[in-house]
Amino acid sequence: MATFDRKKDADAWELGQKTSLASGTWSDPRNAEMTLAELIKEFLTERRGLVSQQTYDTDESNLRLHVADQLKRLPIASIDGRQLRRYVANLVRTKRHSTAKRIRESLGGVFAYAVREAYISHNPVLDAPLGRGDGTEANTVRPFTESEFKSMLVAQRALNPNYADIVEFLRETGLRWGEMKALRVRNVVTNPFLAIMVERSKSDGYPEKQTKGRRSRKVPLMGNAGKIAMRHADGKSPDAFLFRSTGGSELSGPNFTRDLRWKTTAGDHRVHDLRHTAATAWMSDGINVKTISVWLGHSTTQQTVNRYSHWMNDDGDMAAIARMMRARRERSEERDL
C-alpha cells in the first residue's frame with residue numbers, strides 16, 4: 001500500500017486513483033510489480049489451446065529468442081514506449097522487416113493481455129511503431145530465369161526424380177509448399193479442363209488446416225503439371241495424398257531440400273521462388289491479373305499487383321494508354337462541334 005510523507009501527496013495519489021477508476025483505466029499497482037518474464041509465462045499458459053499450435057509456437061519462439069533477458073527482468077510497470085522504441089529500432093536494424101514485425105506483434109500480444117487483466121492500464125508497444133520499412137523486402141521477387149530453372153531441374157532429376165516432379169509441379173501451378181503437401185488424389189479434376197483443386201494446407205510438423213486465403217480455388221495444370229499429377233495419382237485411392245516422399249511417407253521440407261542438394265542445385269533461390277516463377281511467367285504471357293490473383297489464392301487483386309507490378313506485361317499498359325488517348329480525342333472532337 002502506498003504511503004506518503006505529506007497529506008498533499010496522498011490526496012493527489014487518491015485523486016489519480018479515483019480518476020483512473022472512473023475512466024476505466026485503473027490497474028492494481030501490486031500487479032505491475034510482475035516482471036515481463038513472469039507475464040510472458042502467464043500469457044503463454046493462457047494462450048495454449050486458444051490458438052493454433054503453429055501460432056503458439058511462433059509466439060513462444062519470438063518471446064524466448066528475441067526478447068532480451070535484461071528487458072524480461074524489468075517490472076512491467078517500468079517498461080515504457082521510449083524503451084520499446086529502442087528495442088523495435090534494434091529489431092529493424094538486425095532482422096528482416098517481416099521478422100521484426102512478427103516479433104513486435106508477439107510482444108504486443110503480451111502487453112495487450114496485461115491490459116485486459118488490469119495489470120497495467122496501457123500497452124506500451126503501441127508507442128513503438130515498426131514503420132513500413134523501405135519496401136525492398138516486401139517487393140523482392142526473385143523468380144528463376146528459364147535457363148536457371150532448366151539447368152536446376154536437370155541436376156535435380158539426376159538426384160531424385162520424384163522430388164524433381166514436385167519442383168516442376170510447383171513452378172507450373174504457383175502453389176505454396178503446404179498447399180502442395182495437402183493435395184489429395186481427388187483434387188485432380190478433368191472437367192471442364194485438367195486442373196487441381198486447392199482446398200487445404202499442411203505446414204511441416206503441424207495439422208492440416210485451411211489455405212492461407214481461407215477459400216478453395218481451381219488452378220489449371222499447364223505444361224508438364226498435368227502429366228505429373230496423373231502419374232502420381234495413378235493407382236491411388238481418392239483420399240490418398242497426391243505427393244509423398246520417395247520412401248512413401250509424408251513430405252518433409254528439410255528432407256526435400258537435402259535430397260535435392262538445394263543450395264548447390266538452386267543457388268540463392270528458395271523453394272518459394274518457384275511460386276514467384278509461375279506468377280511472373282503468367283504475367284509475361286499476358287494473363288489477366290485478376291485471374292492470376294485467383295490462381296495464386298491472394299485475398300485481393302491489389303495484393304497481386306503490389307507484389308508483381310514490375311513483371312506485368314507492357315501490353316496492358318499500352319492498351320490502357322490507347323484507350324485514354326482515344327477518349328481524350330473523342331472529347332476534343334465533341335467540343336469542336
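The values are calculated or read from the model by the stated rules, or taken from the named source; none is laboratory data. Nothing here was measured: the structure is a model prediction, and the numbers come from that model. Quick reminder, even Gly has a Cβ in these numbers, built from the backbone with ideal geometry, and neighbours come from all protein chains shown. Side chains are part of the model used for accessible areas, which takes the heavy atoms of the whole protein and leaves out ligands, DNA and RNA. Shrake-Rupley method; radii C 1.70, N 1.55, O 1.52, S 1.80 Å.
General remarks:
- Residue in region 46-57 that is touching a Ser or Thr at 6+ places or on another chain (Cβ under 9 Å), of a type in the set (Gly, Ala, Ser), open to solvent by 50 Å² or more (accessible area, probe 1.4 Å) and at pLDDT below 90 present: no
- Failed criterion for LEU260 (all others in (1) at pLDDT 95 or above; (2) closer than 19 Å to GLN54 by Cβ hold): (2)
- Criterion (open to solvent by 50 Å² or more (accessible area, probe 1.4 Å) and closer than 30 Å to VAL88 by Cβ) met by exactly one of ARG142, ARG157: ARG142
- Yes/no for LEU91 being modelled with pLDDT of 95 or more, under 16 Å from ASP127 (Cα atoms) and open to solvent by less than 40 Å² (accessible area, probe 1.4 Å): no
- Against the numbered list (1) in contact with a His (Cβ under 8 Å, 6 or more places away or on another chain); (2) among the β-branched types (Val, Ile, Thr); (3) at pLDDT below 90; (4) surrounded by 14 or more Cβ atoms within 10 Å (Cβ to Cβ), THR25 comes up short only at (4).
- Residues of region 251-269 classified as at negative phi, touching a residue at least 40 places away in the same chain (Cβ under 8 Å) and surrounded by 13 or more Cβ atoms within 10 Å (Cβ to Cβ), total: 9
- Scanning region 288-304 for residues that are more than 18 Å from SER201 (Cβ to Cβ), surrounded by fewer than 15 Cβ atoms within 10 Å (Cβ to Cβ) and not charged (D, E, K, R) turns up ASN288, THR291, THR300, GLN302.
- Qualifying residues in region 184-224 (those that are farther than 23 Å from ASP165 by Cα and of a type in the set (D, E, K, R)) - the one surrounded by the fewest Cβ atoms within 10 Å (Cβ to Cβ): ARG214
- Looking only at residues in region 305-335 that are modelled with pLDDT of 65 or more and surrounded by 12 or more Cβ atoms within 10 Å (Cβ to Cβ), the one that is nearest to the chain's Cα centre (by Cα) is ARG307.
- Selected residue (only one of ASP273, ASP285 is charged (D, E, K, R) and open to solvent by less than 20 Å² (accessible area, probe 1.4 Å)): ASP273
- Test: residue in region 2-17 that is assigned to a loop (DSSP other than H, G, I, E, B), open to solvent by 40 Å² or more (accessible area, probe 1.4 Å), modelled with pLDDT of 85 or more and more than 15 Å from TYR119 (Cα to Cα): no
- In region 225-239, the residues that are outside any helix (DSSP H, G or I) and surrounded by fewer than 14 Cβ atoms within 10 Å (Cβ to Cβ): ASP234, GLY235, SER237, PRO238, ASP239
- Any chance PHE256 is among the aromatic types (Phe, Trp, Tyr), closer than 15 Å to GLY178 by Cβ and assigned to a helix (DSSP H, G or I): yes
- Looking only at region 283-299, and only at residues there that are small (Gly, Ala, Ser) and touching a residue at least 40 places away in the same chain (Cβ under 8 Å), the one that is nearest to PHE169 (Cα to Cα): GLY297
- Whichever residue in region 151-198 is part of a helix (DSSP H, G or I) and among the β-branched types (Val, Ile, Thr) and, among such residues, is farthest from GLU250 (Cα to Cα): VAL154
- Output for region 60-88, where each listed residue is within 18 Å of GLU42 (Cβ to Cβ) and open to solvent by 60 Å² or more (accessible area, probe 1.4 Å): ARG64, ASP69, ARG73, ALA77
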